[in-house]
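Student: Before we start, here is the structure in question, set down as structure tokens.
The values are calculated or read from the model by the stated rules, or taken from the named source; none is laboratory data. Everything numeric here is computed off the predicted structure, so don't read it as measured data. Cβ placement follows ideal geometry from the backbone for every residue including glycine, while neighbour counts extend to all protein chains displayed.
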Amino acid sequence: MGNVDLSSILTLSLFAAALRMATPIIFATMGGIFSSHTGIFNVALEGFMLIGSFFAVLGSVRTGSPYGGLLYAVIACLVAALVFAILHLELKANPIIVGLAMNIVAIGLTNYLLTATFNVWGVYKTDLIIGFQEVQIPLIHQIPIIGELLSGHFPLVYFSFVSVYIVYLVLYKTPFGFHLRSVGENIDAAESIGVNTKRMKYYGLLVSGLLCAFGGTFLSLSYLTMFSEDMTAGRGWLAMAAINFGRMRPVPSMIAGLIFGFADALAVRLQQFGLPSQIVVMLPYLMTVIVLFISAVVAERHKKSLVAKQNKIDIATPLQP
Amino acid sequence: MIKNFFDKAKNSHTWKENLVNLTTQLLNYLIILIIALFIGAVVMFLSGKDPIAAYAALWQGAFGNGYRFADTLDRSVIMILAGIAGSIAFRTNITNLGLEGQLYIGAFAAAWAGFTFTNLPAIVHIPLCMIAGIIGGALWTLPVLYLKMRWKIPELVPTLMLNYIAIRLTDYLIAFPFRDPAAPMAGSPLIAATAKLPKLIKGSTINIGFIIAIVLIFVTYWFLFKTKIGYELRMVGLNQDFAAAAGLPVKRSIFLAMTLSGGVIGLGGALMIQGFFGRFLGGFSSGYGWDGFMIAIIAQNHPFAVFPTALFYGALANGALTMQSVTGVPQAVVAMVKGTLVLFVTVKVFVENIRKGLRKWAM
């Protein structure tokens, strides 16, 4: 370790890496927000992303193009989301239990298919996987500091931030979004004004599947070009914490996602400075607990001064079947 | 008052109705099991494997002969403890998804007690390691309890985060402070011979841990259904506001359920180290905490139902190895089948239809 000064750790490239690391978390967060607003706290984000990561690699190898990989991931995640939706909405299964079981199925399925299709154990890494290329943004990349920070990222990094804006627009600026949010806020009122609540819940889950597909694809075709067992490593759970922190609002949740991304990037950086890797990789998870703690403290202060805002979704839904 | 009401409701069932209910449950599980096995078979078939051969090898591996059956029983020990740990928490309506982390910390604590003390008699050393495991598992729930009870943060995400932290923390402990260079993989030093659990049968790994697990099932049943504290736990789980209004100690019940849950899975970790591994190995758990979650859900948080479910999960775990080595089908397919089972467990459609049919037929 020796004496490392802070300025050699907090470099521009660290912040650029933070944007990269935050990308999958932001995608999953936006997906989770969409379903949360219909009253379903989607705990399967982790599993959806893992499925997305695997099928992105499969699609990339089969079609020879990262966009083919993305397509495979989107289809697989939409199917997974549809299974979730049918089990919960048609067969009336408990959404928390179904979501947690989806994560277990996702790990089993991807591990099984990894060995059954590529004949490898644990990790699949070959030149056959074609990943996305970084893009330089024409004018911006010439600006000294901003250029280094904002230019030269993978296309999905930019798209993740665009997706925040799209989710914001759809949820808050369209009649569709108003109807969708009304389902989560008061399902009886929504029904009384003629909203098809079940269809809205389908949309919520399918959109969360779609966005998790992007997040998963980013992990296996941009951030890395490989697939490894359980490669999402809890990013879906970090997304749930981000949603909790942002109280289901897109921009504050995105900020939490950026904080977790920064913790992730910092962990990688500190490893290069010789800190034991086992300790520094705890950082994003510790950060998550700390962020939840801070947001609870802030919320309590807030509550004391203001009338308690209603917070509809309770993620501690009973686990009793 | 409340209790009398529930007891009356229970007694009003006729034996016929009870029989219908029991048969309904059994048929429901049979249908779910068939669905899960079928989905597993479809995935195997689509990826060019022979599902029938795979399931046959799985059966052979789990129940093929006496020793294999004994090994299956040994593997179900951790499943029983994990299932009970999950049941206690879920019954109190605590979503303890941190079983995996509590298992790691408990197991490490037991291993530490096992290799640190070297000249104790077995009669002292064995329970000492178990107690270390229980304390380790229970302590690991405290941060979550603080966040839940003081700051009202739902336990779901913090328990999960502590899983990742626990796995990495124990990885660090065996990589640096307690590293044993002689270990085949990253692992702690071997525990003393006096800390190891005596075996029950020669030629199998089964040990007195199995007896402990069986005893624990009855103790948990007695605790949850025959003691005042257990009753409070269940009432808090059914309706927290109602329990608070009735004057039950809600905070104490939550604290107790969570620490007991962590303690039981910590004991499971101790039994694995003392009975099977003989040292703490990095990443030794192949998702036993998650198995515990699934078993508790399938068993509807009832200790007596945990036993057959855990036995089934133990058989799957034991048989999967044989299946993989004999037929080349990756054992991950078993995780998929287990998850699929849980996907369907809370589906009410089958139960409703079976009950309707049985009622018509029986009455």
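Student: Looking only at region B:300-309, which residues are surrounded by fewer than 24 Cβ atoms within 10 Å (Cβ to Cβ) and either touching a residue at least 40 places away in the same chain (Cβ under 8 Å) or more than 12 Å from every other protein chain (Cβ to nearest Cβ) (or both)?
Tutor: Just the residues of region B:300-309 that are surrounded by fewer than 24 Cβ atoms within 10 Å (Cβ to Cβ), to begin with: B:300, B:302, B:304-305, B:307-308.
Matches in region B:300-309: B:His302, B:Phe304, B:Phe307, B:Pro308.
Student: Here are the criteria: (1) aliphatic (A, V, I, L, M); (2) within 12 Å of chain B (Cβ to nearest Cβ); (3) assigned to a helix (DSSP H, G or I). Tell me which single one A:Leu275 does not satisfy.
Tutor: (3)
Student: Just give me the residues in region B:162-203 being among the β-branched types (Val, Ile, Thr) and either surrounded by fewer than 21 Cβ atoms within 10 Å (Cβ to Cβ) or more than 22 Å from B:Leu120 (Cβ to Cβ) (or both), in sequence order.
Tutor: B:Ile165, B:Ile167, B:Thr170, B:Ile174, B:Thr194, B:Ile201
Student: If you don't mind, another one. Counting only residues that are at the interface with chain A (Cβ under 7 Å from one of its Cβ atoms) and in a helix (DSSP H, G or I), which one in region B:345-355 is farthest from B:Tyr29 (Cα to Cα)?
Tutor: In this case the residue turns out to be B:Val349.
Student: Mind telling me which of the residues B:Leu139, B:Leu120, B:Leu190, B:Leu160 ends up being among the hydrophobic types (A, V, I, L, M, F, W, C), under 24 Å from A:Leu283 (Cα atoms) and modelled with pLDDT under 95?
Tutor: Values: B:Leu139 fails: modelled with pLDDT under 95; B:Leu120 fails: under 24 Å from A:Leu283 (Cα atoms); B:Leu190 fails: under 24 Å from A:Leu283 (Cα atoms).
When all the criteria are applied, what remains is B:Leu160.
Student: When you check A:Asn42 against the structure, is it among the polar types (S, T, N, Q), surrounded by 18 or more Cβ atoms within 10 Å (Cβ to Cβ) and at the interface with chain B (Cβ under 10 Å from one of its Cβ atoms), yes or no?
Tutor: no
Student: To continue, here is another question. Against the condition under 19 Å from the mean Cα position of the chain (by Cα) and not aliphatic (A, V, I, L, M), how does A:Gly184 come out, does it pass?
Tutor: No: the conditions fail for A:Gly184.
Student: Let me ask something else about it. When you check A:Leu82 against the structure, is it surrounded by fewer than 23 Cβ atoms within 10 Å (Cβ to Cβ) and among the aliphatic types (A, V, I, L, M), yes or no? Give the steps one after another, and end with the answer.
Tutor: Values: surrounded by fewer than 23 Cβ atoms within 10 Å (Cβ to Cβ): yes; among the aliphatic types (A, V, I, L, M): yes.
Spelling it out, A:Leu82 is indeed surrounded by fewer than 23 Cβ atoms within 10 Å (Cβ to Cβ) and among the aliphatic types (A, V, I, L, M).
Student: In contact (Cβ under 8 Å) with a residue 24 or more places away in the chain, touching a Leu at 6+ places or on another chain (Cβ under 6 Å) and under 27 Å from A:Leu109 (Cβ atoms): which single residue out of B:Ala85, B:Ala113 fits that description? Full working, then the answer.
Tutor: Working: B:Ala113 fails: under 27 Å from A:Leu109 (Cβ atoms).
B:Ala85 is the lone residue from the list that is in contact (Cβ under 8 Å) with a residue 24 or more places away in the chain, touching a Leu at 6+ places or on another chain (Cβ under 6 Å) and under 27 Å from A:Leu109 (Cβ atoms).
Student: Also: Just to verify a result, which residue in region A:228-239, among those that are farther than 11 Å from A:Gly31 by Cβ and surrounded by 24 or more Cβ atoms within 10 Å (Cβ to Cβ), is nearest to the other protein chains (Cβ to nearest Cβ)?
Tutor: A:Trp237
Student: Is region B:214-221 home to any residue that is at pLDDT 90 or above and in contact with a His (Cβ under 9 Å, 6 or more places away or on another chain)?
Tutor: The answer is yes, given that some residue of region B:214-221 is at pLDDT 90 or above and in contact with a His (Cβ under 9 Å, 6 or more places away or on another chain).
Student: Just to confirm my filter: which helices (runs of 4 or more DSSP H) fall fully inside region A:1-116 and include at least 3 residues that are under 17 Å from the mean Cα position of the chain (by Cα) and not β-branched (Val, Ile, Thr)?
Tutor: A:12-36, A:45-63, A:66-85
Student: Do any residues in region B:328-339 that are more than 7 Å from every other protein chain (Cβ to nearest Cβ) have Cβ atoms under 6 Å from those of residues that are in a loop (DSSP other than H, G, I, E, B), where the two are at least six apart or on different chains, and which pairs are they?
Tutor: B:Val329/B:Lys49
Student: Related question: Consider region A:140-154. How many of its residues are in contact with a strand residue (DSSP E or B) (Cβ under 9 Å, 6 or more places away or on another chain) and surrounded by 17 or more Cβ atoms within 10 Å (Cβ to Cβ)?
Tutor: 3
Student: Of all residues in region B:142-154, count the ones that are under 17 Å from A:Leu286 (Cβ atoms) and at the interface with another protein chain (Cβ under 7 Å from one of its Cβ atoms).
Tutor: Matching residues across region B:142-154 total 3.
Student: May I pose another question? When region A:99-156 is examined, which residues are found to be within 14 Å of chain B (Cβ to nearest Cβ) and of a type in the set (S, T, N, Q)?
Tutor: A:Asn103, A:Thr110, A:Asn111, A:Thr115, A:Thr117, A:Asn119
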